[in-house]
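For reference, the structure discussed in these notes is given below.
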Amino acid sequence: MKIIAYILMAAFVLLMLGTFFFAVKAKGRKQFIMFTYALLFVYTIFVGAFYANNVPDSAPDESSHISYVYYLNQTKEIIPHFENIGTFNHFIMKWSEDPNYVYYPENINYLCHPPLYYHIMRLAGGFVPTETENVVTIYKMQLRYFSLGISAVGLLLMLYIGYSRLPKTKPWAHLLYAVTVTSIPMLSFELCAVTNDALTLTTTALCILGLIRFCEEKRSVPTYLLIATGITTSLLTKLTAAMLCIFMALMVLFITMIKERSILKSLNKQFLISLPVYAIAFAYYGLVYQRYGIFRPSLESICSPEYFKSTIYYVAEADRISYTFSEYLSYYFERFFLSWSGIEAVIRFLKTYTYSLTAIPYELLWVLPVLLFIPEINKNAGKLSLPLITGWLASIITFVYQLKSAYGAYLTRGYRGGFASRYYLPFIPIFALGLVLVLIGMLTKTGFNEETAELEISDPIGLFSKKLIFNEIIYIIALGYAFLLFYGNFPFFLLHYGSELGQ
């Protein structure tokens, strides 16, 4: 395992050197950038498949997600009766050589997510009935690889956002963006797993791309359809992803209307064409509300109090751990950011400290976009500044809401979960673009023409040297950051947890 990690790191160093070469050589630069994206895409797919084949539980709640798919496969319900969805056991039955699992219809599934992802997953097959009642042969890898295809679409869209919006004259910027998008450990770990997080990569990417086009004043039918499709499919997949999209879209809309002093310029005839798309989500939530009296059913709302108190989501008062508010915040932030820089599932592969060298680069992704408020950097970001700032603010607002909900669950029922950072994986293009554009905004003009790779010195030699050295420092910081992100993902886990990764 260690030799693989060293080979991967050496290969990445060669890729970094390539960015220096093509920064000063215009010929072949575009092809090198395309190769960088393609290589990191294939590499990330490989890592996801590796985890799926070598780690028993390749995603949080995977058994429950599979149970959800099975229930829809059996009942053919469009909107499921959440209280009737059962669960499979986690392990293959000992008496069987086939991948047989027991389905327990009396155990209420705690996943009350909207059903779009699970309906798509029905196309994967993978379930074969047996002669024994409630025992089902499940070809889990068949389901996982189908879900990998769903994830791959979202990953391609996320990479396309960077490729299409960042300047083609800066290969290092594209490398840093592509590495940032693909480096969050839970993204790789979940990529080839049965989880609705797979579909949120696509739904939110569609919305982000649409909002970027909107800010670029490309207010055509495709733009509004991208936004509407992204928001609607997010609403039909996962509520946290929908919150991120809706908060971002509303802020973009309101700020744009204030700047342009016009409502009709934003909500034009092309926008009206996209309205029927939103009606699908309205219909779904209307029917859910009619059935349950709430828009967002939860396990607590669909089962009896006695049943709920028997689950892990309720802790008996005698067993609860007491925290002050500041102690709870410390606990929550530590668990949140360790799961952001590590792998949090049934099997946990985490960094040792939140402030370790391999964790800090991931945590800084949450902080660095604030520099976009600096006028010079904001100006340099151009029309990307508004979607990036609003996307970052949407993440912060959703984070505060998640923290509030988790703290409320801790106070009322002693439950200390709810800190999952993987909910923000769909918005990693926002963090990645923010990081890259902050660094680009720090560069100074030296007289080097990036288009032609020619140098024309107009400043005094002393000033030119200072500018050149400063820019070289920015390049080194960017590539050093990229290396830490790359190393902190798969190579780190091979080096430190290799014995637990199927070896």
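Tabulated values for the structure
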{"item": "Scan of the stretch 25-63 for residues that are crowded, with 20+ Cβ neighbours inside 10 Å and of a type in the set (D, E, K, R), ordered by number", "result": "R29, D61, E62"}
{"item": "In the stretch 386-420, residue farthest from G210 (Cα to Cα) [restricted to those that are among the basic types (K, R) and either touching an Asp or Glu at 6+ places or on another chain (Cβ under 7 Å) or assigned to a helix (DSSP H, G or I) (or both)]", "result": "R413"}
{"item": "Scope the stretch 464-494; condition surrounded by fewer than 19 Cβ atoms within 10 Å (Cβ to Cβ) and of a type in the set (G, A, S); matching residues", "result": "S465, G480"}
{"item": "Residue check, M257 in contact (Cβ under 8 Å) with a residue 60 or more places away in the chain, hydrophobic (A, V, I, L, M, F, W, C) and assigned to a helix (DSSP H, G or I)", "result": "no"}
{"item": "Filtered residue count, the stretch 265-298, keeping only those that are in contact with a Ser or Thr (Cβ under 7 Å, 6 or more places away or on another chain) and either over 20 Å from T232 (Cα atoms) or of a type in the set (S, T, N, Q) (or both)", "result": "3"}
{"item": "Residue check for F22: in a helix (DSSP H, G or I), on the phi < 0 side of the Ramachandran plot, surrounded by fewer than 20 Cβ atoms within 10 Å (Cβ to Cβ) and not small (G, A, S)", "result": "no"}
{"item": "Qualifying position, being surrounded by 14 or more Cβ atoms within 10 Å (Cβ to Cβ) and either of a type in the set (F, W, Y) or touching a strand residue (DSSP E or B) at 6+ places or on another chain (Cβ under 6 Å) (or both), among F254, F214", "result": "F214"}
{"item": "Among residues of the stretch 346-378, those that are over 24 Å from L244 (Cβ atoms), without any contact (Cβ under 8 Å) to a residue 60 or more places away in the chain and not aliphatic (A, V, I, L, M), counted", "result": "6"}
{"item": "Any chance I66 is buried (at least 16 other Cβ atoms within 10 Å of the Cβ) and within 30 Å of L479 (Cα to Cα)", "result": "no"}
{"item": "Selection count, the stretch 421-447, where residues are on the phi > 0 side of the Ramachandran plot and among the aliphatic types (A, V, I, L, M)", "result": "0"}
{"item": "Among the candidates L368, L386, L338, L393, residue that is crowded, with 20+ Cβ neighbours inside 10 Å and within 30 Å of R219 (Cα to Cα)", "result": "L386"}
{"item": "Selection within the stretch 449-503 - among the acidic types (D, E) and at pLDDT below 85", "result": "E450, E451, E454, E456, D459, E500"}
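The values are calculated or read from the model by the stated rules, or taken from the named source; none is laboratory data. This is a predicted model, so every value here is computed, not measured. For neighbour counting, all protein chains shown are included, and Cβ atoms are generated from backbone atoms with ideal geometry for every residue, glycine included.
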